[in-house]
1. Would you list Cys71, Cys162 from fewest to most Cβ contacts within 10 Å?
2. Provide Glu176, Glu211 in ascending order of the number of other Cβ atoms located within 10 Å of each residue's Cβ, fewest first.
3. Have a look at Pro152, Pro125, Pro105 and tell me which one the Gaussian network model of the chain (Cα, springs below 10 Å) gives the largest fluctuation.
4. How much FRET efficiency would the formula 1/(1 + (r/R0)^6) give for Leu115 and Ser60, where r is the Cβ-Cβ distance and R0 is 35 Å, rounded to 0.05?
5. By how many degrees, between 0 and 90 and to the nearest 10, does the Cα long axis of helix 24-38 differ from the longest principal axis of the chain?
6. For the stretch 92-220, what is the largest minus smallest coordinate of the Cα atoms on each principal axis, given in angstrom and ordered from greatest to least?
7. Between Glu32 and Glu53, how many nm apart are label points set 7 Å from Cα along the C-beta direction?
8. Report the number of Lys pairs in the chain whose alpha-carbons are under 25 Å apart, with separation of 8 or more residues or on distinct chains.
Amino acid sequence: MQQQPKFELLESLLWEPGNGYFLLDRHLARLERSADYFKFTLSLTAVRQALQELSLTLGSIARKVRLTLTCEGKLTLQAETLDNGILKIGAVVGIASGPIDSQNPFFYHKTTYRLPYTMALESQPEYRDVLLWNQDGFMTESTIANIAIDTPAGLITPPVKCGLLPGTFRAQLLAEGKLREKLIRLEDLRNTQTLFLINSVRGWMRLKKEEKRDVWQVDRF
């Protein structure tokens with residue numbers, strides 16, 4: 001049996017003055033599911049208390065809060081100034097050169113183990129991010145966000161079973177009826193002119209397809 005890599009559970013939360021932590025309950029529910037799956041020690045009461053104490057120190061500007069949890073239950077919180085991350089306006093996103101394995105459990109849980117994502121990025125070094133697809137030819141996500149594509153019937157996003165992180169913002173949009181799940185084949189993506197990357201910290205990132213190339217450029221947040 002292959003040895004499991006050493007890792008910690010991870011949650012990235014948006015904190016805003018006056019609003020607090022965006023989608024906190026969804027983040028904590030996901031953390032609890034992952035802790036149960038990997039048999040990590042977790043006290044949600046302690047996590048809530050630590051987040052509340054941190055919030056009192058964050059001041060008057062929005063922050064990204066990085067939460068990590070070890071197998072033994074040690075919690076670490078780190079607040080960072082909010083920016084657009086690796087994807088600025090004009091950044092180019094392409095398609096990963098090879099498929100992911102949808103049976104890999106690390107695609108379904110947010111952790112510090114990033115090797116599959118790093119390998120996908122390194123396979124296409126000319127891009128700031130890549131769009132992942134599985135062994136059956138179905139789209140999954142990017143290395144940093146869930147994806148949604150625009151269709152005449154509305155916005156669709158791949159089902160979790162394809163091999164992707166069940167994002168908290170994705171879940172909220174599905175619950176609100178702003179997204180629906182549908183299988184997206186690699187060839188469907190290549191015919192997509194407008195693509196969205198979504199996560200709970202950055203929100204919506206709109207990308208437009210370049211002419212005659214299977215690449216998309218970030219044009220709006």
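1. The fewest-first ordering by Cβ neighbours comes to Cys71, Cys162.
2. Ordered by Cβ neighbours within 10 Å, fewest first: Glu211, Glu176.
3. Pro152
4. On the way: r = 38 Å, r/R0 = 1.08.
Step by step, r from the Cβ atoms, then E = 0.40.
5. Orientation of helix 24-38: about 90 degrees from the principal axis.
6. So the three principal-axis extents are 34, 34, 28 Å.
7. 2.2 nm
8. 27
Readers should treat all values here as calculations from the given coordinates under stated rules, not as data from a laboratory. This structure is a prediction, so every number in the text was calculated from the model and none was measured. Quick reminder, even Gly has a Cβ in these numbers, built from the backbone with ideal geometry, and neighbours come from all protein chains shown.
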